[in-house]
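The block underneath contains the structure these notes are about, expressed in structure tokens.
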Amino acid sequence: MAGFDVLTRGDALDAALQARDYLVSCGVPGALAAKDPRLWGRRTVDHSRLGWLDLPFASHGLLNQIEGLVAEARYSGLDHIVLIGIGAETLAAQAIVETHSPAGRPLAAQSAGGVSGVPGTGGGQDAERSGELTVLDGSDIAALTFALERLDRTLVVLSSKAGVSLEGDAYRRIFSAAFREHGLSEREIAGRFLVITDHGSPLHDFARQCGYRVGLTDPYLPGHFGALSAYGLVPALLAGGDVYRLLDEAAALVPSLAREDENPGLLLGAVLGGCAQQGPAGHARDKVVLREPGGPSALSAWISQLLAVGTGKRGRGVLAFEPPGSPGELPDLHTVALNPTAASGADADTSLWAPLGGQFLVWEYATAVAGWLLGVNPFEPGGPVVQDAEDDAATMLRAAGEGPLMSGEPTFVDGDIEVHTDLAHTGGTGLDAALGDLLSRVPANGYLSVVTYLSGDFSGRYLAPALARRTGRPVSYGPGPGYLHATGPVHKEGPGNGAFLVITGDTAQDHPVPGRPYTLGKLQLARAVAEVRALRQRGLPALRLHLRNPAEAVGRLAEAARST
């Protein structure tokens, strides 16, 4: 089909062809096209859980419903959209605004940790004024300052399928107080908030009580399959993204998804699911390196969480990595190039060409197919593995009150770095030895994950190449709490072969949370400590390093990562 193509080769091709033949013989393409829930068992998946297949067409009705809100926001000059949420609810919107502008101009992202200030179009009474999308997911306290500097132009979108997360509550309180100090009345403040949530959710009731505008979604639609729903489309449209074009791109793919041949979604799903099953050599190629010509973007992050939540359960799962964390060719690793050029896709196992709307739909379809091959329900949410850690963080914050958080005494301190570990030392002392102990516990078929809870632009990306070389294993990374919130199911309910380096730090720039006895920095630390506890409770090796002076300590940490 013109504009959509999947090419694969080598061992990945052999596994994919066998899996595709099996899928066809079992009638999977036709059953999916008919939205037949019996693919996963009559009691397991309701028909409405497959409604994402209709979104390329059905979401046009949603856009018609919010035209008035978009026009009002632009007339009022509210062209800076602050999107508050974690995981799937934000990543799709980021990808849309990064990729599409109505005038066809490229959109350049300005990002620092949890902020993505992405120029869009439209805004107020000046048709030439660019819009912006700033995402606040709790990963970078400095990002809030960027957003608060634009209060005159700001509309806040709070996005969640269930209730308000700890971060969502904190940011909502901070913006409400800031608007109040700016001279807005309570009615005007309520008009600056838009809530996107499921019909009948706890957040729905809360938003109505506050007088916020509410955009409702289908409660049966899986959140990780909602890129083409209100969660992805509404914030992107408000920020100037061309979502009409996006839906047209997705709609153009739909006819091919009912076919048994020339079906890019079926072939990609066969690649993912076929490779993730144990092959003749005893290896399951259940780790995917996602490559994009311009480097990793929000699209790669969205794909990572979709695969993690869709396949990470019952001891199985597909985990995605970015190129900096890849040590090279491995028997359990394969590469997927997204819209590659001739040079960037030359050595990829699989290449996928599709515009963004097609990328969303083909990856959702492929995840459903891969889940079927792996024998898991791809439409189940992350479940308690995500919520339990957040509940633990909330309990710690309540217990601490206005006092210090009981985050545990360090095992030892090396300069400005506190080392919190329960791993038995295999020899040596200090930071280098502690890091070496963690790396020695990465299984032969496993991986290392680096999760950073730091304000500023320091990322696990800077450590990943050195750590991948040292271990000879792939390294994933991302900012907390969003990264483990989005990919937690595959880490905690998947193959169980990960090791985790969690990095926290003191912050020089902090924000109190109005009406709460804690700051954003204290909340961030509680989230990190809770995640480490959750990982250890599942028997996964986890090392937490707390940087007392992050500006100075990151250099020491990078040196320890490089040491052999």
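The values are calculated or read from the model by the stated rules, or taken from the named source; none is laboratory data. Given the structure is predicted, the values throughout are model-derived calculations rather than measurements. Here Cβ is always computed from backbone atoms with ideal geometry, including for glycine, and neighbour counts include all displayed protein chains.
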Restricting the search to the range 234-253, which residues are under 25 Å from residue 172 (Cα atoms) and either of a type outside the set (Val, Ile, Thr) or assigned to a loop (DSSP other than H, G, I, E, B) (or both)?
-> 235, 236, 237, 238, 239, 240, 241
What about residue 318, is it of a type in the set (Val, Ile, Thr), modelled with pLDDT of 95 or more, in contact with a strand residue (DSSP E or B) (Cβ under 9 Å, 6 or more places away or on another chain) and crowded, with 23+ Cβ neighbours inside 10 Å?
-> yes
With (1) part of a loop (DSSP other than H, G, I, E, B); (2) closer than 29 Å to residue 557 by Cβ; (3) within 25 Å of the chain's Cα centre (by Cα) as the list, and residue 405 as the residue in question, which single condition is left unmet?
-> (3)
Take residue 335 and decide whether it is of a type in the set (S, T, N, Q), buried (at least 19 other Cβ atoms within 10 Å of the Cβ) and not in a helix (DSSP H, G or I).
-> yes
Checked the range 339-355 for anything surrounded by fewer than 23 Cβ atoms within 10 Å (Cβ to Cβ) and at pLDDT 90 or above; matches are 339, 340, 348, 351, 353, 355
Just give me the residues in the range 424-454 being in a loop (DSSP other than H, G, I, E, B) and over 29 Å from the mean Cα position of the chain (by Cα), in sequence order.
-> 424, 425, 426, 427, 428, 429
Could you tell me whether the range 456-472 includes any residue that is farther than 17 Å from residue 321 by Cβ and not in a loop (DSSP other than H, G, I, E, B)?
-> no
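Here's the yes/no breakdown for (1) part of a loop (DSSP other than H, G, I, E, B); (2) buried (at least 17 other Cβ atoms within 10 Å of the Cβ); (3) within 21 Å of the chain's Cα centre (by Cα); (4) of a type in the set (A, V, I, L, M, F, W, C):
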| position | (1), (2), (3), (4) |
| --- | --- |
| 176 | no, yes, no, no |
| 179 | no, yes, no, yes |
| 206 | no, yes, no, yes |
| 227 | yes, yes, yes, yes |
| 232 | no, yes, yes, no |
Listed by range, helices (runs of 4 or more DSSP H) wholly within the range 35-100 having at least 3 residues that are surrounded by fewer than 22 Cβ atoms within 10 Å (Cβ to Cβ) and either basic (Lys, Arg) or without any contact (Cβ under 8 Å) to a residue 24 or more places away in the chain (or both) are 55-65, 67-75
So residue 367 clears everything in (1) in a strand (DSSP E or B); (2) crowded, with 20+ Cβ neighbours inside 10 Å; (3) among the β-branched types (Val, Ile, Thr) except one condition, right? Which one?
-> (1)
Residues 481, 514, 474: which one is over 17 Å from residue 435 (Cα atoms), at pLDDT 95 or above, of a type outside the set (Val, Ile, Thr) and in contact with a helix residue (DSSP H, G or I) (Cβ under 9 Å, 6 or more places away or on another chain)?
-> 514
Restricting attention to the range 388-412, and to residues there that are closer than 19 Å to residue 522 by Cα and polar (S, T, N, Q), which single residue is surrounded by the most Cβ atoms within 10 Å (Cβ to Cβ)?
-> 407
Would you be able to say whether some residue in the range 120-132 is modelled with pLDDT of 80 or more and crowded, with 18+ Cβ neighbours inside 10 Å?
-> yes
Just give me the residues in the range 499-542 being assigned to a loop (DSSP other than H, G, I, E, B), of a type in the set (Asp, Glu) and over 24 Å from residue 176 (Cβ atoms), in sequence order.
-> 506
Top-ranked residue of the range 507-548 - restricted to ones that are polar (S, T, N, Q) and surrounded by 14 or more Cβ atoms within 10 Å (Cβ to Cβ), ranked as farthest from residue 462 (Cα to Cα) | 519
Quick check, is residue 183 modelled with pLDDT under 90 and over 22 Å from the mean Cα position of the chain (by Cα)?
-> no
One residue from 288, 214 being at negative phi and either in a helix (DSSP H, G or I) or at pLDDT 95 or above (or both) = 288
Would you pick out the residues in the range 319-336 that are in contact with a Lys or Arg (Cβ under 7 Å, 6 or more places away or on another chain) and over 21 Å from residue 14 (Cβ atoms)?
-> 319, 321, 323, 324, 327
Is there a residue being under 16 Å from residue 139 (Cβ atoms), surrounded by 20 or more Cβ atoms within 10 Å (Cβ to Cβ) and among the aromatic types (Phe, Trp, Tyr) anywhere in the range 461-475?
-> no
Farther than 15 Å from residue 524 by Cα, assigned by TED's automatic domain parsing to the domain that holds residue 556 and modelled with pLDDT of 95 or more, is that true of residue 423?
-> no
